[in-house]
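Engineer: Okay, handing you the structure first.
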Amino acid sequence: MLKMASLWCLLAPFFLFYAFVYGGSTLFPVPENLKNNVKFWIRIYTELSQDQGLLHDSEFPLIVYETVNTGGIQGRESGRNLESLRKEIISAIIKVRTGKRSTWGAIEKRIDSLFYSNPGSRLDSAEYRVRFQRGQKDQFLRGLYRSGAYIDTIKAILTRYGLPSELAYLPHVESSFDPFITSKVGAVGIWQFMPATAKQFLLRVDRSVDERRDPILSTDAAARVLSRNYRHLKNWPLAITAYNYGLPGMLRAVEAAGSNDPGVVIDKHKSPSFRFASRNFYSCFLAALEVAENYRKYFGEIEFEGRMSVRDIFLSQDLSPVQIARILGITTDEFFLLNPGMSKDLRQVSKGTTIRVFDTFTSETLEQRIAYYYDSVSAGRTEPVADIKPVTVETITVSVPVFDADIYDFALRQTGS
């Protein structure tokens, strides 16, 4: 009995993975032609650090030509080293396809073995499919830590829209849950909104405020994007792919394929804009979902970002961030941490703006602090103390730096009352 228990402990992780990749979910199925892609991304997320990477076949990702250790080298030197190795692999691929076996060296024999041991793979044109993928293990771990601050809130918002809670793990793919990250093309925040899409879904984006950086407000917008995608595409694999590729492009792909079967559409769709990232976006999500929900299996125990309580208030007059911080008895850094959508260059917060403060600030505390502030800066001033009026909403338990709650009144920030 003891031996059987020990055997189960050894085999349990394998069966869990098997059930995930080969079992099948009605909402998030794993098409046959994407199973190897999911395995590949799980490896990228859990085994390889950013100082490591794989030179692999972009279409058949389990064909890995070389595991590369960059040793922390970045920039041009890293690029030159990788390009040199990539050219060596390309030359060997061509030699395997066109040269005599008697002329093959060790690298050619290994490449031949890789394709032979991966049924369905194609050596034809393989030299055009050699790409490098950097590891993301440390990045994924940082994302897990950050996610502790928002994951419950994100799930609550998704549930409010009738969406699957598993979609809360999509920011692992987009941003590693970093609210302040900006991509090379200008996408911002944990949901990586471009400016035009953000404005289309009612996020404010200007020099003073960029609500794409606000994990709560941007999650509400992302929920509406995902809901729209699902409404048009009828299944989650395509709706998730459309989040990266765009709904119009995905609708054209479905029409061209004559099917909305995810495996068929993703496999058949050919377009200069449907590149590696878009083709792999759903596979990345499935891998992130598996790793996030079973993080102990891959990383053991980890630390998540802690929680604290906040509430909303709105301003009854224009005030600067420095004034607000002084009134509340916090630093300006804490103010911007609680209100990540506001630019640190912001000089004035307009009257009627809803802001977040620590929950310790009750109505009475606020009045006392406002009175103390005015007494300290202008003795004998007769202005009313209620320059900051507490909003009449339920106090919400939240996490730094944003909400972690089942209830958030989004209408409130639009009406200011």
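Engineer: Restricting attention to helices (runs of 4 or more DSSP H) lying wholly within the range 52-165, give those where 1 or more residues are within 30 Å of Asp267 (Cβ to Cβ), open to solvent by 20 Å² or more (accessible area, probe 1.4 Å) and not β-branched (Val, Ile, Thr).
Structural biologist: Values: elements: 75-98, 106-116, 137-147, 151-160.
Passing ranges, in order: 75-98, 106-116, 137-147.
Engineer: Among the residues of the range 205-236, which ones are under 24 Å from Asp152 (Cα atoms) and in a strand (DSSP E or B)?
Structural biologist: Asp210, the sole residue that qualifies.
Engineer: Can you pull out the residues in the range 119-169 that are among the aliphatic types (A, V, I, L, M) and farther than 18 Å from Phe304 by Cβ?
Structural biologist: Applying the first criterion (among the aliphatic types (A, V, I, L, M)) to the range 119-169 yields 123, 126, 130, 141, 144, 149, 151, 154, 156-158, 163, 167-168.
Those that are among the aliphatic types (A, V, I, L, M) and farther than 18 Å from Phe304 by Cβ: Leu123, Ala126, Val130, Ile157, Leu158, Leu163, Leu167.
Engineer: Name the one entry in Ala239, Ala222, Ala257 that is buried (at least 22 other Cβ atoms within 10 Å of the Cβ) and either out of contact with any Leu (no Cβ under 7 Å at 6 or more places or on another chain) or closer than 20 Å to Pro340 by Cα (or both). Spell out how you get there, then give the answer.
Structural biologist: On the way: Ala239 fails: either out of contact with any Leu (no Cβ under 7 Å at 6 or more places or on another chain) or closer than 20 Å to Pro340 by Cα (or both); Ala257 fails: buried (at least 22 other Cβ atoms within 10 Å of the Cβ).
Answer to the check: Ala222.
Engineer: Just to check your reading of the model, which residue among Ala168, Ala256 is part of a helix (DSSP H, G or I), out of contact with any strand residue (DSSP E or B) (no Cβ under 9 Å at 6 or more places or on another chain), aliphatic (A, V, I, L, M) and within 26 Å of Ala292 (Cα to Cα)?
Structural biologist: The unique qualifying residue is Ala168.
Engineer: Further question on the same structure: On the given criteria, is Tyr45 within 28 Å of Asp267 (Cα to Cα), in a helix (DSSP H, G or I) and modelled with pLDDT under 95?
Structural biologist: Values: within 28 Å of Asp267 (Cα to Cα): yes; in a helix (DSSP H, G or I): yes; modelled with pLDDT under 95: no.
Considered against the rule, which asks whether it is within 28 Å of Asp267 (Cα to Cα), in a helix (DSSP H, G or I) and modelled with pLDDT under 95, Tyr45 comes out as no.
Engineer: Six or more apart or on different chains, Cβ atoms under 8 Å: show the pairs whose first residue is in the range 38-58 and farther than 12 Å from Cys284 by Cβ and whose second is in a loop (DSSP other than H, G, I, E, B) and β-branched (Val, Ile, Thr).
Structural biologist: Pairs that qualify, where the first residue is farther than 12 Å from Cys284 by Cβ and the partner is in a loop (DSSP other than H, G, I, E, B) and β-branched (Val, Ile, Thr), are Asp51/Thr70; Gln52/Thr70; Gly53/Thr70; His56/Ile63; Asp57/Ile63.
Engineer: Still on this structure, please answer the following. For the range 292-358, please list each of the helices (runs of 4 or more DSSP H) lying entirely inside it that holds at least 2 residues being open to solvent by less than 10 Å² (accessible area, probe 1.4 Å), of a type in the set (A, V, I, L, M) and in contact with a helix residue (DSSP H, G or I) (Cβ under 8 Å, 6 or more places away or on another chain).
Structural biologist: 321-328
The values are calculated or read from the model by the stated rules, or taken from the named source; none is laboratory data. Owing to the predicted nature of the structure, the values given are computational and were not obtained by experimental measurement. Quick reminder, even Gly has a Cβ in these numbers, built from the backbone with ideal geometry, and neighbours come from all protein chains shown. Protein only, heavy atoms only, side chains kept; ligands, DNA and RNA dropped before computing areas. Shrake-Rupley method; radii C 1.70, N 1.55, O 1.52, S 1.80 Å.
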